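Trainee: Can you read through this structure? Questions will come right after.
The values are calculated or read from the model by the stated rules, or taken from the named source; none is laboratory data. Here the structure is a predicted model, which is why all the values come from computation and not from measurement. Please note: Cβ atoms are built from the backbone with ideal geometry, for glycine as well, and neighbour counts cover all protein chains shown.
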């Protein structure tokens, strides 16, 4: 059977079930508010959001691979393109762009112009250290972890803090080859 | 530089124009997010009652904001003053905006004057959730109950709202009923208004 060509993000997004973005936005806001009330420290909240994102990412990658029919990415460049154009589009309906590649091709920036997570949100002065969308960085980190790529994801620009776009820096730390839990010759 | 200044910067978030509310995200993104909410709260509590209360509180915040948003955008800043008015607002408008369809049914309770029930065959939030036996009657619909309570409270109709599973014959999954019990003052006011 001929391999099925990967579908574009728009095509997949059109075919899956949708839910109102405002419900999504408001639920995320409720989560962040609960975390701030419980944990109080902004750094703790950032870490917790990243951890929650990681938990989501390790499950999300399965659904992503199943629905999008992408073949294995040849190199990290392709991975980043796929995340930005297909992955983000498929789940939250935004198309991001990939820029700022470094010389070795292991570090790039994913730029999101609009972001449904931050509709209606304004950061008060006391919480300026909060990375409101930190769940996204956790999701990307978790998803890459499950496909054997250890990455570090950090925020470069944050529209809630006065920049004009959201910019995530994704740095590939190493590719972990898959280990089999058994030996073939035993 | 091309592209600079494409997004106008607003000094205050309240100055930004409200979008029409037609943007959508994938159901799985919401499902993942909701599952993380439930999982996080499970680590913070010791018993099921607490867990339901926390989910309800999260929903309450959503409900309060949904009321403001919808009143401004869809109803032209007119507010409901009658009981049936606010109930049909919740049952139709709020449900349509949040879940894409009106609720399955709205009924008045037979035993008590102050009870009303909104029923749904399968709540959107419960779609990918199964409750283990040792959690008894816990229902993640407590989140939706919180949303309803937030809307009613904000509109001036204080009530106690809970979510219950109602097993239906012939169906594998039980129906979910949101039970709304209005406070005394609401009924007195309603009687006065005639």
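Trainee: Are any residues in the range A:148-170 surrounded by fewer than 15 Cβ atoms within 10 Å (Cβ to Cβ), touching a strand residue (DSSP E or B) at 6+ places or on another chain (Cβ under 7 Å) and in contact (Cβ under 8 Å) with a residue 12 or more places away in the chain, and if so, which ones?
Mentor: A:148, A:150, A:152, A:154, A:156
Trainee: Something else about it: Within the bounds of the range B:39-52, is there any residue that is closer than 23 Å to residue B:177 by Cα, facing chain A (nearest Cβ under 9 Å) and either outside any helix (DSSP H, G or I) or in contact (Cβ under 8 Å) with a residue 40 or more places away in the chain (or both)?
Mentor: Within the range B:39-52, none of the residues are closer than 23 Å to residue B:177 by Cα, facing chain A (nearest Cβ under 9 Å) and either outside any helix (DSSP H, G or I) or in contact (Cβ under 8 Å) with a residue 40 or more places away in the chain (or both).
Trainee: Next question. List pairs: first residue in the range A:117-135 and in contact (Cβ under 8 Å) with a residue 24 or more places away in the chain and more than 9 Å from chain B (Cβ to nearest Cβ), second residue crowded, with 16+ Cβ neighbours inside 10 Å and part of a loop (DSSP other than H, G, I, E, B) anywhere in the structure, Cβ distance under 6 angstrom, at least six positions apart or on different chains.
Mentor: Close Cβ pairs (under 6 Å, with a partner that is crowded, with 16+ Cβ neighbours inside 10 Å and part of a loop (DSSP other than H, G, I, E, B)) amount to A:117/A:133.
Trainee: Can we say residue B:54 is at pLDDT 90 or above and within 25 Å of residue A:120 (Cβ to Cβ)? Don't jump to the end; show me each part of the working.
Mentor: Values: at pLDDT 90 or above: yes; within 25 Å of residue A:120 (Cβ to Cβ): yes.
Considered against the rule, which asks whether it is at pLDDT 90 or above and within 25 Å of residue A:120 (Cβ to Cβ), residue B:54 comes out as yes.
Trainee: If you don't mind, there's one more thing I want to ask. Any residue at all in the range A:59-74 that's within 14 Å of another protein chain (Cβ to nearest Cβ), crowded, with 20+ Cβ neighbours inside 10 Å, touching a helix residue (DSSP H, G or I) at 6+ places or on another chain (Cβ under 7 Å) and under 26 Å from residue A:18 (Cα atoms)? Give the derivation first.
Mentor: We begin by selecting, within the range A:59-74, every residue within 14 Å of another protein chain (Cβ to nearest Cβ); these are A:59-68.
Those left that are additionally crowded, with 20+ Cβ neighbours inside 10 Å: A:60, A:64.
Those left that are additionally touching a helix residue (DSSP H, G or I) at 6+ places or on another chain (Cβ under 7 Å): A:60, A:64.
If we keep only those that are under 26 Å from residue A:18 (Cα atoms) as well, we get A:60, A:64.
Within the range A:59-74, one or more residues are within 14 Å of another protein chain (Cβ to nearest Cβ), crowded, with 20+ Cβ neighbours inside 10 Å, touching a helix residue (DSSP H, G or I) at 6+ places or on another chain (Cβ under 7 Å) and under 26 Å from residue A:18 (Cα atoms).
Trainee: Considering each residue of the range B:169-183, count those that are farther than 16 Å from residue B:103 by Cβ and either assigned to a strand (DSSP E or B) or out of contact with any strand residue (DSSP E or B) (no Cβ under 7 Å at 6 or more places or on another chain) (or both), and give that number.
Mentor: Counting residues in the range B:169-183 that are farther than 16 Å from residue B:103 by Cβ and either assigned to a strand (DSSP E or B) or out of contact with any strand residue (DSSP E or B) (no Cβ under 7 Å at 6 or more places or on another chain) (or both) gives 7.
Trainee: Considering only the range B:127-148, state which residues are out of contact with any helix residue (DSSP H, G or I) (no Cβ under 9 Å at 6 or more places or on another chain) and either within 14 Å of chain A (Cβ to nearest Cβ) or more than 21 Å from residue B:57 (Cβ to Cβ) (or both). Full working, then the answer.
Mentor: Step one: list which residues in the range B:127-148 are out of contact with any helix residue (DSSP H, G or I) (no Cβ under 9 Å at 6 or more places or on another chain), which gives B:130-134.
Hits for the range B:127-148 are B:130, B:132, B:133, B:134.
Trainee: Looking at A:22, A:17 in this structure, which one is more than 21 Å from residue B:39 (Cα to Cα), touching a strand residue (DSSP E or B) at 6+ places or on another chain (Cβ under 9 Å) and within 12 Å of chain B (Cβ to nearest Cβ)?
Mentor: A:17
Trainee: Among residues belonging to the range A:88-111 that are assigned to a strand (DSSP E or B) and either more than 23 Å from residue A:65 (Cα to Cα) or touching a helix residue (DSSP H, G or I) at 6+ places or on another chain (Cβ under 7 Å) (or both), point out the one that is farthest from the other protein chains (Cβ to nearest Cβ).
Mentor: Step one: of the range A:88-111, the residues assigned to a strand (DSSP E or B) are A:97-99, A:107-111.
Retained after the next criterion (residues that are either more than 23 Å from residue A:65 (Cα to Cα) or touching a helix residue (DSSP H, G or I) at 6+ places or on another chain (Cβ under 7 Å) (or both)): A:97-99, A:108, A:110.
Values: A:97: 10, A:98: 15, A:99: 12, A:108: 18, A:110: 16 Å.
The qualifying residue farthest from the other protein chains (Cβ to nearest Cβ) is A:108.
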